[in-house]
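Okay, so here's the structure we're looking at.
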Amino acid sequence: MRWTVVWVLGLVLGVSCARPAAPLVAERAPDPPRAPFQPISFPRDEAPHDNLTEWWYYTGHLFTEAGARYGFEFVIFQAVRGRYPVAYAAHLAVTDPARGRFWYDQRAQLGSQIGKQDGIELTVGGWTLRGALGEDTITARGAEYGLDLRLVATKPPVLHGGSGYLSFGPVGDSYYYSRTRLAVEGTLYVEDTAHAVRGQAWMDHQWGDFLVVGGWDWFSVQLDDGTELMLFLTRSPEGMPALTMGTFVAGDGTASELPGDAFAVTPLGTWTSPHTGAVYPSGWHITVPALDLALELVPTLLDQELQTFSTTGQAYWEGQVTAQGRRGDTPLTGLGYVELTGYARPRTPPSPGP
């Protein structure tokens, strides 16, 4: 049963033995046809769907009363693959820059949680995610760190691409919305000590009949002037740019689409993982000429790689970054997260068989 979970969830992130950095590619022959587009509705579409692939993704920044800063990631993946049981994986990660520590944990289980409610109510290995209409709770503890958080959206949800519906071409189609600024309060557990924390977070929800094989760089930045920026760059199997898009969110919540030619992302260096040997870009210069915006993103720790082979067959880099730059003549600072997939060689578990 454990290998069934890993095998099915490996398809969510696209396990492939053929290519160490294989990106977006389809394996769609045995899968159901694409469903017609339906406008996103809340809270209905916050709940799990019966599509091939789905995830609920939270990243954020927590501050203790003493001023210490932490980063966190919490995600639940869902995979629906025909005759196989619905499979779930959950990843929890904490970045602790003051201690130079990056910690993560992972859980997996089988059993459908689809169609039980409007809004979110998911449990994976004892970790829970609940909420609706931008008011969510996360409860997840591991051996060294844990979260008990309440998150409240301060802006309306952003439908990327205008309608929240994206085409990946032969890979399939995806619904995608974000809550780009959530106020956070609750408890961060560091070993056996509970710290009251406040902060801010970003939430992504994506689902659809699509399969992927690594291959994207994703950026979310929350600037101190109350604006946010999301950039999403995917790659073809040959390593060439594929779907590239972004969204800028103004202080009042107004979202503006950014086509691929509206911005540039330039890596400033690389970091080689001592765990997997993968070479990741590290540090980025971002420009959005139409907004007169220039930013430099710097990881708070170089090593923020999750080796989640036991739940998804994948390793990926998901890290907290600081942002500094200018909009015109106005200095800007902020915090963000960067996700890098397709750089580490996957490990494919054996098929669970017929």
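What follows draws every value from the coordinates through simple rules; no lab data is involved. Everything numeric in this text was worked out from a predicted model, so none of it was measured. Reconstructed Cβ throughout: ideal geometry from the backbone, glycine too, with neighbour counts over all protein chains shown.
For this structure, a couple of remarks:
- Along its first, second and third principal axes, ordered by size, region 63-146 spans 49, 27, 16 Å in Cα coordinates.
- Loop-located trypsin sites (Lys or Arg not before Pro) in region 60-110 (DSSP state not H, G, I, E or B) with no more than 13 neighbouring Cβ atoms inside 10 Å: ARG83.
- Estimated from the Cβ-Cβ distance and a Förster radius of 30 angstrom, the FRET efficiency linking THR64 and TYR84 is about 0.10.
- Note on the chain: Kirkwood hydrodynamic radius from all Cα pairs is 20.3 Å, rounded to one decimal.
- Computed from label points 7 Å out along Cα-Cβ, the spacing between ALA183 and ASP50 is 4.0 nm.
- In terms of overall dimensions, the C-alpha atoms belonging to region 192-231 reach 40, 34, 17 Å along their principal axes, ordered largest to smallest.
- Length gained when the stretch GLN38-MET240 is fully extended (0.36 nm per residue, less Cα-Cα span): 69.6 nm
- Pair TRP103, ASP303: separation of 7 Å Cα→Cβ label points (nm): 1.5 nm
- Residue-averaged 222 nm ellipticity for the chain, from DSSP H runs of 4+ at -39500 (n - 2.57), nearest 500: -1000 deg cm²/dmol
- FRET efficiency for ALA194 and THR272, using Cβ-Cβ distance with R0 set to 41 Å, rounded to 0.05: 0.70
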